[in-house]
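Right, one structure below, let's go through it.
The values are calculated or read from the model by the stated rules, or taken from the named source; none is laboratory data. Bear in mind the structure is a predicted one, so any value in this text is a computation, not a measurement. Cβ coordinates were reconstructed from backbone atoms using ideal geometry, including for glycine residues, and neighbour counts include every protein chain displayed. The area values use the complete protein model at the heavy-atom level, side chains included, leaving out ligands, DNA and RNA. Shrake-Rupley method; radii C 1.70, N 1.55, O 1.52, S 1.80 Å.
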Amino acid sequence: MADKNYYTIDPEGRLTCMKCRCKLQKGKAKFMYLDNGFPVELPVCPQCGFVYVPEELALGKVLSVEKALEDK
Amino acid sequence: MKIEERQSTHIYRQKRMFTKEELEAREGLCVHEQPPYCNAACPLKLDVKAMAAAVAAGDFDRALALYEKITPFPHILALGCEAPCEKNCKLRELGEGIAIRELERSALAYGSKPRGGSLLRKKQQNAAVFGADLFSLFLAGELVKKRYPMSFYCAQGDCLSLVKDCAPGLPEEAAEATARLLSELDIDFKWGCEPEAAYWEEREKYALIAAAWDTARQLYPGLETDEAVMVCREHGLITGSTGGVLDSAFGAKRAALSADRIAQHLDPGNTRGEEGCVATRLYTSLEGVEPSGRIPVTDRDSAEREAGRCIQCHCDECIKGCAYLQHYKKFPRILTREIYNNVSIIMGDHMMNKPINACALCGQCSVLCPNGYDMGEVCHIARQNMVSTGKMPLAPHEFALMDMLFSNGEAFLSRKQPGYDKCRYVFFPGCQATAIAPATVREAYRDLCRRLDGGVALMLGCCGAIGDWAGRYELYGETVDFLSEKLEELGSPEIIAGCPSCKKQLLSQGCEKIRGIWEILEELGLPETAEFRQRPMALHDACGARGDAQTQESIRRIAAKLGCQIQDTAYSGDQAPCCGYGGLTQYTNREVAREMTDKCLGRSRLPYLSYCMACRDRFAREGRESVHLLELVYGSAAQQCPDISAKRYNRLGLKQQLLKELWGEEVKAVDLGFEVEYTPEAEERMDDRMILKSDVIQVLQHLRESGEAVLEEDTGLFVTRERLGNVTFWVKYSETERGYLVHSAYSHRMKVVNRL
């Protein structure tokens, strides 16, 4: 079965992990809140696994889903 | 003390807020939906208010439709009704009441009804009326409306003579109009017959039999009827004695309902519902209504103007004063029911969480409502209920709760006055005064120490209101215990509260010896720092002082001594609205909080004088000149709109300053090993996003330990993050010689994890 992703961001080589000195790549991540999980694809460091959440995503989609879940 | 996030959205625990009886008792206090006085007085249940509104709007067709709903023969009623509605018009308390009959007549004169008959199917049972009087005529009309196949036995020969005999004195034009209406009704008239004789011959043909009163008495001399249902049970005859036009029309309505019950083989007294006039509990304020006289109705225009005098009686006393109720456009009864349902649902969206958390819990409605409806109490109970079942999200209240923990943790201070083993007093300025006006608090404490005998201890902390407002009863209980323990350690001195909300909260916690600093200042007289200057000001009473006349009066006397010329504003004293801070509205719903502040400021154009630091701060943020009473007393200004980080820094700074100055204790500054600077945009965003500088510093400390950061090539900025408690904080920065320059910060509550 194909993976379901709620959101996908491809860093396209424009983000660098300063710890591992390598480019972030599109990778599998999951947002978890109040016992609910949302699989997403975000820029992830292939070595240390640092998952990058951009400002627009945090203040946009993530915030609106948080608010919706809080009222469940 | 700990604050925990709710575990899951899949919590099926549920607890009722109220018993059914309590819910109904609360709802019953709200008179918003009670009928207006005119409607309540009409036994036929004419919606006078709606009809007047329709006429005022020039919609005579709608007015006619409303009027025709209550009677089959409007011309007779409009001319002959005794009009109890007019006698009950609220405007009569001021001047002349509305000429309601004139409005009815204007509806008949200028309104037209749509073509087309009834879509209802004709009933199986047929009915007959024997003999003509006003009651039997109305009854025939009512039964036709109910779709009974109808026969009418009378001595008259045509509709016009029938109408004239039944309603003697009816003007020719009205009689003709009524006759026209009658002829259009689906009635099988048996003209020119002897009703009594016809009764004996024909009655077997009908399921429902009614008679004019005289006819009935001739048929059965000495018959007795039940006037409530207009039925002679002995003979199965629908009849009754009536007098006057309205009584006949109402009698016919009761009789028609009895016909329905008989047709269903029920007792006529069965399940009749509410009939006739009703008692109304409506409250309508006449404030601002000018007395006026009747406008003679001669044409459409004058009818519209006369109807325009109607004040559309209703009660919205609470809504008029409350920005929260205005925002949600709901009156307390419906809001309570929706909140009750919200709390009761097990699964699905809780649509009322926002309104529950947006109320300031200030109690203004309980004062404005003629019956004392307390919406704040309902919202408070709902919050506690949701906390107890694990359904209350932490997000709306977390920042405020953390602030309370900070006030009663890192920034807490409880000390006796230097040189005293036992203190008679303890000064409790409150968390907002220390956050916004630390210099003023310092002056106040020094003044109290100087001028009061017996020693004055100091307690810097939060009274617990935040935990209470958030419905976190366990946390609040812990706070109460904590404060009580600290007060005991000081020897349970008399509390001098700097804030009316603290005074109220501490009183509710069982602190008996407590006064406001304003009462002490009245006793001692004003200090030398107090500057007398004549200035016109608008006084905003604190919602924490509601019901506390002593405080309200004391503040006014001190203000007068300072030269303040207090302008009276609407909603002052016990009726004062909340500034938007109370109930944590400022944190849970900024839009409603701003509307609350606007509502407060809309009362006057003058500079505002307040005696709660939260009010002072919110008014200043909206750009209004705003001053706290203690600023004038001590000639020491509060800070202009400190941001959330500055508010914490101020509390901590005051504690450290006083420790050093009064108790000779030096608090060593923590050396981070790096410096953090902020761009103005970053500071603004952080204040807006409720991100503290201390949060940013913790994230940067984590960065230094872990080295985890990402370089954004588009902006050339680094981005790092750390999870602090329930929130992940992100910081965008550039490196400087001595540390970091923060360009932005943001946060989210969701955890983000890798998956395979």
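Test residue B:158 against the stated conditions and say whether it is more than 54 Å from the chain's Cα centre (by Cα), open to solvent by 10 Å² or more (accessible area, probe 1.4 Å) and of a type in the set (D, E, K, R). The answer is yes for residue B:158. Within the stretch B:91-98, is even one residue surrounded by 21 or more Cβ atoms within 10 Å (Cβ to Cβ) and over 26 Å from the mean Cα position of the chain (by Cα)? Looking through the stretch B:91-98, at least one residue is surrounded by 21 or more Cβ atoms within 10 Å (Cβ to Cβ) and over 26 Å from the mean Cα position of the chain (by Cα). When the residues of the stretch B:495-523 are filtered to those that are part of a strand (DSSP E or B) and of a type in the set (A, V, I, L, M), which remaining residue is surrounded by the fewest Cβ atoms within 10 Å (Cβ to Cβ)? In this case the residue turns out to be B:514. Checking the stated criteria, residue B:324 turns out to be within 30 Å of the chain's Cα centre (by Cα), more than 27 Å from residue B:104 (Cβ to Cβ), hydroxyl-bearing (Ser, Thr, Tyr) and at pLDDT 95 or above.
The listed residues are B:373, B:420, B:328, and the only one of them that is buried (at least 22 other Cβ atoms within 10 Å of the Cβ) and either in the same structural domain as residue B:452 (by TED's automatic domain parsing) or among the hydroxyl-bearing types (Ser, Thr, Tyr) (or both) turns out to be B:373. Filtering B:21, B:27 for residues that are away from every other protein chain (no Cβ under 14 Å) and either in a loop (DSSP other than H, G, I, E, B) or open to solvent by 20 Å² or more (accessible area, probe 1.4 Å) (or both) leaves a single hit, B:21.
Examine the stretch B:681-690 for a residue that is surrounded by fewer than 17 Cβ atoms within 10 Å (Cβ to Cβ) and within 12 Å of another protein chain (Cβ to nearest Cβ), and state whether such a residue exists. Taking every residue of the stretch B:681-690 in turn, at least one turns out to be surrounded by fewer than 17 Cβ atoms within 10 Å (Cβ to Cβ) and within 12 Å of another protein chain (Cβ to nearest Cβ).
Scanning the stretch B:202-246 for residues being among the acidic types (Asp, Glu), open to solvent by 60 Å² or more (accessible area, probe 1.4 Å) and not in a loop (DSSP other than H, G, I, E, B) gives a total of 2.
Whenever a residue of the stretch B:616-636 is in the same structural domain as residue B:559 (by TED's automatic domain parsing) and within 14 Å of residue B:433 (Cβ to Cβ), its partners that are charged (D, E, K, R) and open to solvent by 10 Å² or more (accessible area, probe 1.4 Å), lying with C-beta atoms within less than 6 angstrom and at least six residues away or across chains, give the pairs B:634/B:443; B:636/B:443. Checked against the criterion of being without any contact (Cβ under 8 Å) to a residue 40 or more places away in the chain, surrounded by fewer than 18 Cβ atoms within 10 Å (Cβ to Cβ) and either touching a His at 6+ places or on another chain (Cβ under 6 Å) or closer than 18 Å to residue B:727 by Cβ (or both), the candidates A:23, A:28, A:4, A:67 yield just one match: A:67. Within the stretch B:644-670, residues that are closer than 25 Å to residue B:686 by Cβ reach partners that are modelled with pLDDT under 95 and open to solvent by 60 Å² or more (accessible area, probe 1.4 Å) with beta carbons closer than 6 Å, at six or more positions or on different chains, in the pairs B:656/B:667. Applying the condition of being crowded, with 16+ Cβ neighbours inside 10 Å and more than 7 Å from chain B (Cβ to nearest Cβ) to the stretch A:31-60 and asking which residue is nearest to the chain's Cα centre (by Cα) yields A:42.
Going residue by residue through the stretch B:728-751, is there one that turns out to be open to solvent by 50 Å² or more (accessible area, probe 1.4 Å), closer than 25 Å to residue A:65 by Cβ, facing another protein chain (nearest Cβ under 7 Å) and in a strand (DSSP E or B)? Checked against the condition, which is being open to solvent by 50 Å² or more (accessible area, probe 1.4 Å), closer than 25 Å to residue A:65 by Cβ, facing another protein chain (nearest Cβ under 7 Å) and in a strand (DSSP E or B), the stretch B:728-751 yields at least one hit.
So which residues in the stretch B:473-497 are of a type in the set (Gly, Ala, Ser) and either modelled with pLDDT under 95 or under 12 Å from residue B:425 (Cβ atoms) (or both), if there are any at all? Those that are of a type in the set (Gly, Ala, Ser) and either modelled with pLDDT under 95 or under 12 Å from residue B:425 (Cβ atoms) (or both): B:491, B:492, B:497.
Please enumerate the residues belonging to the stretch B:51-90 that are open to solvent by 30 Å² or more (accessible area, probe 1.4 Å) and outside any helix (DSSP H, G or I). Within the stretch B:51-90, B:57, B:59, B:69, B:82, B:88 meet the criteria. Residues in the stretch B:247-263 that are within 42 Å of the chain's Cα centre (by Cα) and open to solvent by 10 Å² or more (accessible area, probe 1.4 Å): B:247, B:250, B:253, B:254, B:257, B:260, B:261.
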